Amino acid sequence: MIAFLSVSLFLGFLAFYALSAMDANKKAMEVTIDAVYFLGRVNEMRMNIVKAGKIPEQLEVSVHGFEDIQHELMDLEDDFNEIGDKIEKIARPYAVKEHIDKLLEDGQSFYDSLVALMPIKERIVSLSEIREGQLLPLFETFRERELEHQKFVNKIAAKIRKQERVDFDVQSTAPDHFTWYGQNDSPDPVLRKMFADIGPLHEHLHDAVALADQYVSDQNPEEAKRIMDDVFGDVKQLEDGLSALSSYAYDRYFNEMSAYQSQKEKAFFLLEKVMERVTELKKFVEDSILSDARGNMHAISRQNRIILAVAATMGVLLSLCIAFITVRKTENAFNLSKKINHDLKNSLEQQRQLNEDLAQEITRRKQAEKELQRVNVELEEMAVTDGLTGLYNHRYMNQFLHMEHNRAIRHHHELSVIMMDIDFFKNVNDSYGHGCGDVVLCGIAEMLTSRLRSTDIIARFDADQAVVARYGGEEIAVILPETDVEGAGDLAEDLRKMIEHNTFHCEEVAIKITVSIGVAASSKDKKETWSELLGRADAALYRAKNQGRNRVES
């Protein structure tokens, strides 16, 4: 009886121990399953982070698509908000909270840096317009309209002064500033204010032109000239307003582009940081949680085999029953463990492939950034230089002269302008071809560059960019900061002699040329604009040409 009770108690203990071991084995398998699921979720999150890392470049080249990019950011935010909940079961017995908190903190910073790009891009779009499928800055449109307006005013003024009728419809030909950009829809209050200020001047100018044209038609040219003389004050204010409009749009656009570039670099820095956090978390889960879970499963399996061997030696049906149940449970456990190891192997292989793809993506992005920097440098050079001679172009000359003129007035400095035109340049092109004409232009540009100071600038006038129609492709302007009219005149005479005594060679042909030069210095009258200073230099140039050429007039 006692032996029977002892055997029963022993078998009961074995059964209890076996059931406890199977329960522990089940919990270890659940931890393993949760850990594998978590690693798969982290892999998905990592792919979303890589995808989100492309958003700065997508925004930089895209005009539309804000909603699609916003959806990508929302998916990324969901990843960061849900990652903690997914590993609640395995986080309690392991010190993973520190890794998770760091990942969530850095991930949220990366997400916030991407979200911060959106308003900057929207401001850039508000300062741009879509033309032929491309996003172009508004200040370029403003400058184009400014030049068209100057040509229009000069053409009208020339007609009235010559007592000729305006042979075109004023209202249909004049560039209407109200059609440049929807100023009433502009989100920038400063732009709306500038449009509102120049609107009355613009309308007054058109009314005056129409009235002067009517006086010319009525054979009353003196009254027409008086009206045009009276309205030139408003014309100067209008030109200054248009110039200020383009300058303001230029400054706003490049300030926003600089802010976007700075924010983009911050986002890339945070991207690398959050990817390091993801890698650290994955390594911790793999080395700690999965490793411990597999060890526990192997230890419990060994204990189960010992219990089965002891129970089998007892030769009782109860132990055989327990053994049968245990074998089935153990077999299921081993099959599940085998499946988990297979899934884990596939997950690690996907991770390895993802790391390779990420390395290639980082290399491609760095190459793209270098190429973008190189293209930006070339575009900046092309935007301010003449493609043939390498001198500054007409647009940059206007900006530089405007800036130096304001500085000369503000600090009471001297400022001089030299206008140079090649005498009988058309004969060179007709006799030797335009290729030889280009050789002469490039040769003069090289001589001027070697002779002048680094603070002086030289610009070539292009016929399509000139304010007045008589400017041609052979005209060159030289801006001389802090130089009075005597110094500029002496320099102009030196340049004239240097060019006169030089011989240009093209295709075995020796070419001698001369130049006519006009010089003007800034007036002490603060009311004079930079364009009037340029006009006086141009007038001096034409006096030099009218008085025989190959001379300097101040």
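Please treat every number below as a calculation from the coordinates, not as lab data. Predicted model only: the values in this text are computed from it and were never measured. Don't worry about glycine lacking a Cβ; one is built from the backbone with ideal geometry, like all the others, and counts go over all protein chains shown.
Compute the length gained on full extension between residue 101 and residue 501: take 0.36 nm times their separation in residues and subtract their Cα-Cα distance, giving the result in nm to one decimal. Let's see the in-between values first.
On the way: separation 400, 0.36 × 400 = 144.00 nm, distance 7.86 nm.
Result for the pair: 136.1 nm of gain on full extension.
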If we count every other residue with Cβ under 9 angstrom of residue 208's Cβ, Lys/Arg +1 and Asp/Glu -1, where does the sum land? -3
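If r is the Cβ-Cβ distance from residue 280 to residue 413 and R0 is 56 Å, what FRET efficiency results, to the nearest 0.05? List each step's numbers first, then the result.
On the way: r = 61 Å, r/R0 = 1.09.
That pair, residue 280 with residue 413, gives E of 0.40.
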Fewest to most neighbouring Cβ within 10 Å: what's the order for 252, 410? 410, 252
If the chain between residue 357 and residue 484 were fully extended at 0.36 nm per residue, the gain over the current Cα-Cα distance would be 39.3 nm
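Quick check on the range 394-553: what does the Kirkwood estimate of hydrodynamic radius come out to from the alpha carbon pairs, in Å? The partial results should precede the final answer.
Numbers: mean 1/r = 0.0626 Å⁻¹.
Kirkwood hydrodynamic radius for the range 394-553: 16.0 Å.
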Residue 190 and residue 453 label points (each 7 Å along its Cα→Cβ direction) are spaced in nm at 3.1 nm
Virtual spin-label span in nm between residue 135 and residue 371, 7 Å along Cα→Cβ: 1.9 nm
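With an 8 Å cut-off on Cα pairs and a minimum separation of 6 or more residues, tell me the relative contact order of the range 394-553 in percent.
On the way: 256 pairs, mean separation 48.8, N = 160.
It rounds to 31 percent for the range 394-553.
Averaging over all projection directions, find the projected area of the Cα convex hull of the range 473-550 and quote it in nm² with one decimal place.
Details: hull surface 25.5 nm².
Value for the range 473-550: 6.4 nm².
List the pairs from 155/426; 193/225; 155/512 whose alpha-carbon separation is above 28 Å, in the order I gave them. All intermediate terms of the calculation are to be shown ahead of the outcome.
Details: 155/426 24 Å; 193/225 32 Å; 155/512 35 Å.
Distance filter (> 28 Å) returns 193/225; 155/512.
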